[in-house]
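The block underneath contains the structure these notes are about, expressed in structure tokens.
The values are calculated or read from the model by the stated rules, or taken from the named source; none is laboratory data. In this text the structure is predicted, and so the values were computed from the model without any measurement. Neighbour counts are summed over all protein chains in view; Cβ atoms, including those assigned to glycine, are modelled from backbone coordinates with ideal geometry.
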Amino acid sequence: MIQKNKLKVGYFYEIESRSISRVAVWTGKAFRGNREKFGFEYLFDEDLYDEDDGTATALKELEPCPIPFDGGNENDKKLMELIYLMLSKYPEERDKKS
């Protein structure tokens, strides 16, 4: 587990969480990742586990996010697509072929 003071804003992390994808970007306040609910996909922020009511834990730093994610909707679709790309680039250990 990576402690909050070691997390880098704008970086992708492999995470464990309740509601979002296994890869998400750290915003400085929460992890932003893809969420699917009732057939709809959208970006969702999940708080860090060590915060009140947080449910996300950072496991591994991956790489910097190349697009801004300043909270506006302008880059939401690009960020969702990039997260899907990162999921295929960094498969889960159990999904890797030997």
* Asked: When only residues in the stretch 84-93 that are within 13 Å of Glu14 (Cβ to Cβ) and of a type outside the set (Ser, Thr, Tyr) count, which is modelled with the lowest pLDDT?
  -> Glu93
* Structure fact -> Selection over the stretch 60-80 where residues are at pLDDT below 95, surrounded by fewer than 16 Cβ atoms within 10 Å (Cβ to Cβ) and not in a loop (DSSP other than H, G, I, E, B) yields a count of 3
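Restricting the search to the stretch 49-59, which residues are part of a loop (DSSP other than H, G, I, E, B) and not hydroxyl-bearing (Ser, Thr, Tyr)?
Pass one, the stretch 49-59, residues part of a loop (DSSP other than H, G, I, E, B): 49-55.
Those that are part of a loop (DSSP other than H, G, I, E, B) and not hydroxyl-bearing (Ser, Thr, Tyr): Asp50, Glu51, Asp52, Asp53, Gly54.
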* Filtered residues of the stretch 1-21 (kept if modelled with pLDDT of 95 or more and basic (Lys, Arg)) -> Lys6, Lys8
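Go through the stretch 2-14 and count every residue that is part of a loop (DSSP other than H, G, I, E, B) and farther than 19 Å from Tyr84 by Cα.
Total meeting the criteria: 5.
Out of the residues in the stretch 15-44 that are of a type in the set (A, V, I, L, M, F, W, C) and not in a strand (DSSP E or B), state the one that is surrounded by the most Cβ atoms within 10 Å (Cβ to Cβ).
Among those residues, the one meeting the criterion is Ile20.
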* Scope the stretch 1-42; condition of a type in the set (D, E, K, R) and under 17 Å from Asn75 (Cα atoms); matching residues -> Arg32, Arg35, Glu41
* Asked: Does Val9 meet the test of being surrounded by 23 or more Cβ atoms within 10 Å (Cβ to Cβ) and not charged (D, E, K, R)?
  -> no
